[in-house]
Every structure is written in structure tokens, then in C-alpha cells.
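Since the structure comes first, as C-alpha cells, the remarks are kept for the end.
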Amino acid sequence: MNAFFWPLSAWYFCYFAFLGAFNTYFGLYLKSIGISAWHIGVLLSLFPVMRMVAPNFWGWLADRWGTKALVVKCATGATLVAFAGALWTSDFWGIFVVITVFAFFGSASLPLVEALTLAHLQHRVERYGRIRLWGSIGFILAVQGVGLLLDWIALSSLVWICLAILGATLISSFRLTEAPILSGHVPAGGLTGGFLNRGMLALLAACFMMSAAHSPLYVFYSIHLVDHGYTKSAVGALWALGVVAEILVFLWMPRLMRRVSVRMILAVSFAIAVIRFLLIGWAIDFLLATVMAQVMHGATFGASHAAAVAALNHWYPDRQQARAQALYSSASFGAGGLVGGLFSGYAWGALGAGPTYTIASLFALGGLILVLRGLRSG
């Protein structure tokens with residue numbers, strides 16, 4: 001297992017370290033170069049738009065060529081080149097072009113590496129979390145480390161920092177190798193009735209709901225905390241707590257998946273999400289409730305994501321994994337993130353924090369119903 005464990009873990013570490021640095025601080029960088037708040041929203045919305053479209057193309061290409069690792073290497077290199085364009089432009093339309101091209105290539109890698117990881121694991125899919133947790137570690141170290149670094153150097157250095165992390169991601173991609181294809185048939189107990197059938201559609205719709213439910217968290221949680229008197233150090237500690245909970249769940253998933261069905265893991269994760277977003281919306285002034293809500297991130301993201309990936313691995317053969325993972329990425333992080341971001345942006349100003357997180361809770365409830373009614377036991 002070590003032959004592929006550490007190369008994959010290193011890639012996840014670098015990739016999510018980049019996301020930690022970019023997602024947390026690039027909005028501040030855009031503001032520092034004079035981009036308006038509305039235009040920042042437009043620019044950052046390009047990512048979920050591309051996640052709706054691009055992964056399906058890259059998944060189709062990888063399945064057609066029969067090589068995931070090569071596509072990841074090429075796409076990562078193109079991502080690095082595209083992002084370097086931010087060094088030479090600071091106006092809205094220039095950044096718009098840079099982010100569009102960067103997001104198109106950048107959205108290729110994760111679904112393909114997910115499929116590659118599952119192909120290497122073969123029938124040991126319960127060990128997925130132990131590889132994926134290195135991405136969470138990279139994310140939290142980047143958020144904390146880059147934040148500390150930017151206290152000492154100019155915010156304009158963020159582009160160079162992100163380029164350096166992207167360079168490390170490209171280097172790590174050269175250690176990725178193809179996995180042997182054991183069978184061209186759907187695994188026993190897999191789906192029937194075509195690629196897009198009732199079970200797959202129910203899972204995609206449920207994951208769409210979960211991502212939409214998380215959007216107010218990713219966009220407004222820090223603002224929500226500060227508005228209720230939390231210090232910035234407390235904000236950072238609460239974000240870190242959520243990622244630590246996610247890491248612990250990834251470590252625990254191998255044991256859990258040997259004892260509990262994927263359907264049950266998903267159902268419990270969605271039920272916890274219903275409670276979590278109500279706590280965030282209405283009990284933010286109570287520290288214990290706020291801490292509990294962040295610990296729940298281990299279930300609402302960590303467990304639900306690992307279970308969804310495991311379900312796709314169980315349902316589809318290796319030759320269809322890239323396409324399946326791409327559809328999952330498009331439906332959840334793409335469409336779900338876009339719709340959730342739009343609704344939360346409107347609701348936050350029109351309704352306030354409590355109602356916004358209540359709507360997020362209703363998204364999670366809708367996902368729970370889809371899991372219970374659309375997925376069979378097993």
C-alpha cells in the first residue's frame with residue numbers, strides 16, 4: 001500500500017494546502033488591488049460554475065484515454081501557468097480571464113485523483129479516509145501558516161505563495177501512477193439501469209443539497225462570529241476545530257464502514273447537518289453550542305463525503321470512475337455551491353443570519369429525505 005499511499009497523500013496535502021491559502025485569502029487580495037465587493041463576488045463565483053462543467057469533460061477524457069494520472073499532471077501544469085497570469089494583471093477583466101482559465105484546468109484534478117485513489121485501493125475503499133485526511137492537514141496548516149506569514153509581508157505576496165504551493169502540487173503529481181484495472185464489470189450489488197439511474201440521481205441530488213446547505217457556513221460564518229463578539233483568534237480556532245473533527249472522522253471511517261452501511265452513514269450525516277445549521281443560526285451566543293456545531297463538521301462534510309465517494313466506487317467499475325466522480329463534483333461542489341452561494345448572498349442581507357441558516361438546515365433536511373427514499377440499504 002505504501003507504493004501509492006504516500007504519493008496520493010502528498011498530492012492531497014499540496015492540493016488542499018493551495019485551496020486553504022487561496023479560498024481564505026484571495027478575496028482579501030482582490031480587495032487590496034481595488035476590486036469592488038460585487039466584482040469579487042462575480043470572480044469567486046466562477047469556480048462553482050466551472051465545477052459544474054469542466055470535471056465532466058476531464059472525466060470523459062480520462063476514461064476515454066484510459067489514463068487518469070497523465071491528465072492530472074497536464075491539468076496541474078496548465079493550472080500553474082494560468083494562475084501565473086495574476087502576476088501581470090490587476091483589473092477586473094484581466095483577473096476574470098485568469099480565473100476562468102485557471103478554474104477550468106484546476107477543476108480537473110480532484111475528481112480524477114479521487115477515482116485514482118479508489119482504483120488503487122480496490123476492495124479496501126474503507127482506507128480512503130486515511131489518505132484523504134492529509135488534504136485536511138494541508139488545508140489547516142496553510143490557513144494558519146499563510147495567515148501568520150501575511151501579518152509580516154505584503155498581501156500582494158499571496159500570488160507568489162499560491163504559485164509556490166501549486167508548484168509543489170505539480171511536483172507531487174509526477175509521483176502518481178495508474179492503478180491496474182481488475183474488471184470491466186460493475187461490482188456485485190452495483191447499480192443497474194444505466195449510468196444515470198435512480199440511485200445515482202438520488203445521491204447526486206442529496207449531495208447538491210448538502211453543498212448548498214454549507215454555503216452560508218463558508219461565506220458568512222466568520223462574519224457571523226465576529227458580529228456576535230468572537231475575537232479573530234477565536235474564529236480561527238473554531239475553523240480549526242471543524243477541520244480537526246474532519247480529520248478524526250477520516251481516521252475512524254475504515255472501522256465505521258466495516259460495521260455500518262453507506263446509506264446509514266449518509267442519513268446520520270444529513271440529520272446532524274439539520275441540527276448543526278440551526279445551532280449556528282440561533283445559538284451562536286452560546287459557546288458550548290458553537291463548539292458542538294463545529295465538531296459536527298466531521299459528520300456533515302467528512303463522513304458524508306467519504307460515504308458518497310465509497311458509494312460511487314461500489315456502484316461503478318474503474319473505467320467509469322472518473323466520469324462518476326466528475327458528476328459528483330459537478331453536482332455537489334459545482335451546482336450546489338453555486339445555488340447555495342446565491343441564496344445565502346441574498347438571504348443574508350434580506351432576512352438575516354438566523355433565517356439564512358434555517359434555510360440551510362432545510363436544504364440538509366431535503367437531502368436526508370432523498371437519501372432515505374432514493375438509496376437502498378447497503
Residue 331 being modelled with pLDDT under 90 and either among the basic types (Lys, Arg) or under 14 Å from the mean Cα position of the chain (by Cα) (or both): yes
Helices (runs of 4 or more DSSP H) lying entirely in region 1-120 (those with 2 or more residues that are over 28 Å from residue 177 (Cβ atoms) and of a type outside the set (D, E, K, R)): 2-32, 37-44, 46-65
Filtered residues of region 344-357 (kept if open to solvent by less than 40 Å² (accessible area, probe 1.4 Å) and modelled with pLDDT of 85 or more): 347, 352, 353, 354, 356, 357
Conditions (1) in contact with a Leu (Cβ under 8 Å, 6 or more places away or on another chain); (2) closer than 25 Å to residue 21 by Cβ; (3) modelled with pLDDT of 75 or more: number failed by residue 40: (3)
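Is at least one residue of region 226-235 in a helix (DSSP H, G or I), farther than 28 Å from residue 349 by Cβ and hydroxyl-bearing (Ser, Thr, Tyr)? Spell out the reasoning first.
Pass one, region 226-235, residues in a helix (DSSP H, G or I): 226-227, 232-235.
Then keep just the ones that are farther than 28 Å from residue 349 by Cβ; that gives none.
No, region 226-235 has no match at all.
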Conditions (1) part of a helix (DSSP H, G or I); (2) open to solvent by 20 Å² or more (accessible area, probe 1.4 Å); (3) farther than 22 Å from residue 250 by Cβ; number of the one not met by residue 330: (2)
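Quick grid of which residues meet (1) free of Cβ contacts under 8 Å to residues at least 60 places away in the same chain; (2) polar (S, T, N, Q):
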{"residue": "200", "(1), (2)": "no, no"}
{"residue": "222", "(1), (2)": "yes, yes"}
{"residue": "228", "(1), (2)": "yes, no"}
{"residue": "236", "(1), (2)": "no, no"}
{"residue": "249", "(1), (2)": "no, no"}
{"residue": "252", "(1), (2)": "no, no"}
Residue ID - nearest to residue 27 (Cα to Cα), chosen from residues in region 147-177 that are β-branched (Val, Ile, Thr) and part of a helix (DSSP H, G or I): 159
Any hit, region 125-134, residues being modelled with pLDDT under 80 and more than 22 Å from residue 10 (Cα to Cα): no
Flag if residue 62 is in contact (Cβ under 8 Å) with a residue 40 or more places away in the chain, of a type in the set (A, V, I, L, M, F, W, C) and over 19 Å from residue 158 (Cα atoms): yes
Region 59-115, subset aromatic (Phe, Trp, Tyr) and within 26 Å of residue 132 (Cα to Cα), residue most open to solvent (accessible area, probe 1.4 Å): 65
Selection from region 367-378 of residues that are in a helix (DSSP H, G or I) and open to solvent by less than 20 Å² (accessible area, probe 1.4 Å): 367, 371, 374
Search result, residues across region 126-157 that are surrounded by fewer than 18 Cβ atoms within 10 Å (Cβ to Cβ) and of a type in the set (Ser, Thr, Tyr): 156, 157
Selected residue (criterion: surrounded by the fewest Cβ atoms within 10 Å (Cβ to Cβ)) from residues of region 226-263 that are closer than 23 Å to residue 358 by Cα, modelled with pLDDT under 85 and of a type in the set (A, V, I, L, M): 226
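The values are calculated or read from the model by the stated rules, or taken from the named source; none is laboratory data. On a predicted model such as this, the values are computed, not experimentally measured, just so you know. Neighbour counts run over all protein chains shown; Cβ positions are idealised from the backbone, glycine included. These area figures cover heavy atoms from the full protein model, side chains too; ligands, DNA and RNA do not enter into them. Shrake-Rupley method; radii C 1.70, N 1.55, O 1.52, S 1.80 Å.
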